[in-house]
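Working notes, structure below.
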Amino acid sequence: MAVAVAALPVLALPAVPAAAASYGTPTITLSAGYLSGAVGATGDPTVTVTVAQSGAAASALTVAASASTRSSVARTSDVTVAGTGGTRTLAVAAQGVGYTDLTVKLTGLGGKTATRTLHYAASAAVRNSAAARYLTGSSDASAAVDAGGGYILVGDDESNTLRLYDRDRSGAPIRTWDFSSALGVSKEIDIEAATRVGDTVYWTGSLGNNKDGVVKPDRQTVFATKVTGSGADTQLSLAGSFHGLRDDLIAWDSAHGDRYGFAAGAADGQAPKQIDGFNVEGLEFAPGSTTTAYVGFRAPLTPAVTGGRALLVPVTDFPALLDGSAAHATFGDPVELDLGGLSIRDLRRNDLGQYLIVAGSWAAEDNSAPYALYRWDGRPGSAPVKLIDLPTSDAGAWEAVPDVPNLDAPGARAQLITDNGSADLYGDGTAAKDLTHPEWKKSRSTWFTLG
């Protein structure tokens, strides 16, 4: 006879909470410990924040930042952190000039946290802030050429490093090169000018003495780099050098009655940035030529008219000097240009044969001196035409123009870059070139309408 057995109730066991110890220690890293910005800037540089915690999904981690020192520079509410994964982007909107520290805190699961300190510096607002971009890593941009695809190659006069930048974004260089060892130099070349023909970029030092008037052989370096790729994929390799252009220029001038006083201006003890000094800041090829290059002088100015004329000296065998097929430079007739008493600070030609000249003072430190952009057709005897005066109220000296648009096109715009090396960017009396951290060093680029 079957006996019915009642089913026993199933008892639900209480859930056991995960132990906090099952989560590892969270980690937080910053792509840089230092960050710079500018009051009113658009698209300032950012820092990448990388976070992780074993046993936890990255999306479950929280990142926040707070201002820990001077809220007059940046407040907690001025710091934003975007993203939800293992990498986040931190941006700061500057309120005022100066320095502040930001605390970046990661809150993980299990109540565990980690922090890092971000050292932040903000420079002053500039005119046309929306068009301004900041090239960090160096404050002394002095030469630039187009690399294609929205990128530019930039040299500076305080190091021998060449840098590739996105011309439309603020931030650090994409790639850098330093050919000092291959060139046989140990000190700064004082890169002041560059020009590009095809896949070759030519760079020149100032050829002058240092600011104290001491002859420095490394500043007499002219070199060439070969470009492969374009845009963000640009690569450079050394393609030749020449160290005798200064001596050849002095010998040429001496043989023509010391017309420009090169020997006296370049003599030991003579500062280069005097009206009768010796200092090169422009380089571009003559109209229709890939062999004759104009060497443009910041000093001397010629005494031909009151206030002086800017000087170009044509080097008729320029590429041959760099590839070793010519031992000495040969020269054409000098060109004197009336730039309203200003001298050459940069010179650039487009494929239409139109030139832009960045004109500025010959003086070493003259923040009140005017700057202007001139149009020229490159022909000796043809007068340059002023397009616009450049603003001088903001920090920095206008030093470089990477390329030239069609100057006859309505609304034509050109991008110019400043040398900020002598500027006190952060209000503490420190020149930008003397700042300890490269992330705080920066030059500024701005677009100007030329019509």
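The values are calculated or read from the model by the stated rules, or taken from the named source; none is laboratory data. Being a predicted model, the structure only gives us computed values, none of them experimental. Don't worry about glycine lacking a Cβ; one is built from the backbone with ideal geometry, like all the others, and counts go over all protein chains shown. Note: accessible area is taken over every heavy atom of the protein model, side chains too, but ligands, DNA and RNA are not part of it. Shrake-Rupley method; radii C 1.70, N 1.55, O 1.52, S 1.80 Å.
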Discussion item. What distance in nm separates the two pseudo spin-label positions at THR87 and ALA363, each 7 Å out from Cα along the beta-carbon direction?
Written reply: 4.8 nm
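May I ask you to derive the FRET efficiency for LEU30 and SER181 from their Cβ-Cβ distance with R0 = 35 Å, giving the value to the nearest 0.05? Before the final figure, lay out the partial values.
Values: r = 32 Å, r/R0 = 0.91.
It comes out at approximately 0.65.
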Worksheet entry | Under 15 Å, Cβ to Cβ, from LYS105 - net charge with Lys/Arg +1 and Asp/Glu -1 | +2
Worksheet item: So, with a 1.4 angstrom probe, what is the percent of accessible area on region 177-333 that is carbon and sulfur?
Response: 49 percent
Worksheet item: Angle between the Cα long axis of helix 245-255 and the longest principal axis of the chain, 0 to 90 degrees, nearest 10?
Response: 20 degrees
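Grab the DSSP H runs of the chain that are 4 residues or longer, score each as -39,500 (n - 2.57), total them, divide by all residues and round the 222 nm result to the nearest 500 deg cm²/dmol.
On the way: 4 runs with 25 residues, N = 451.
Helices in the chain give a 222 nm mean residue ellipticity of -1500 deg cm²/dmol.
Which of the pairs LYS211/LYS386; LYS386/LYS441; LYS187/LYS386; LYS187/LYS226; LYS386/LYS433; LYS112/LYS442 have their Cα atoms more than 27 Å apart in this structure? Let's see the in-between values first.
Details: LYS211/LYS386 30 Å; LYS386/LYS441 32 Å; LYS187/LYS386 37 Å; LYS187/LYS226 23 Å; LYS386/LYS433 31 Å; LYS112/LYS442 37 Å.
With Cα atoms farther than 27 Å apart: LYS211/LYS386; LYS386/LYS441; LYS187/LYS386; LYS386/LYS433; LYS112/LYS442.
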Discussion item. Taking the solvent-accessible surface of protein heavy atoms with a 1.4 Å probe, what is the per residue accessible area of region 185-250 in Å²?
Written reply: 35 Å²
Fill in: Options THR89, LEU153, GLY269, ranked by Cα towards positive dipole end of the chain, top entry (Cβ charges)
THR89
Practice prompt. Return the FRET efficiency for the residue pair ALA57, ASP428: r is the Cβ-Cβ distance, R0 is 56 Å, and the value is rounded to the nearest 0.05.
Written response: 0.80
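Placing +1 at every Lys and Arg Cβ and -1 at every Asp and Glu Cβ, with all other atoms neutral, what dipole size does region 107-239 have around its Cα centre, in debye to the nearest 20? Don't skip to the answer; put the middle values down first.
On the way: 14 positive and 15 negative charges, 98 e Å.
Dipole about the Cα centre, nearest 20: 460 debye.
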Fill in: Local electrostatic count at THR302 - Lys and Arg +1, Asp and Glu -1, tallied over other residues with Cβ under 14 Å
-3
Worksheet item: In region 56-125, carbon and sulfur make up what percent of the accessible area (probe 1.4 Å)?
Response: 50 percent
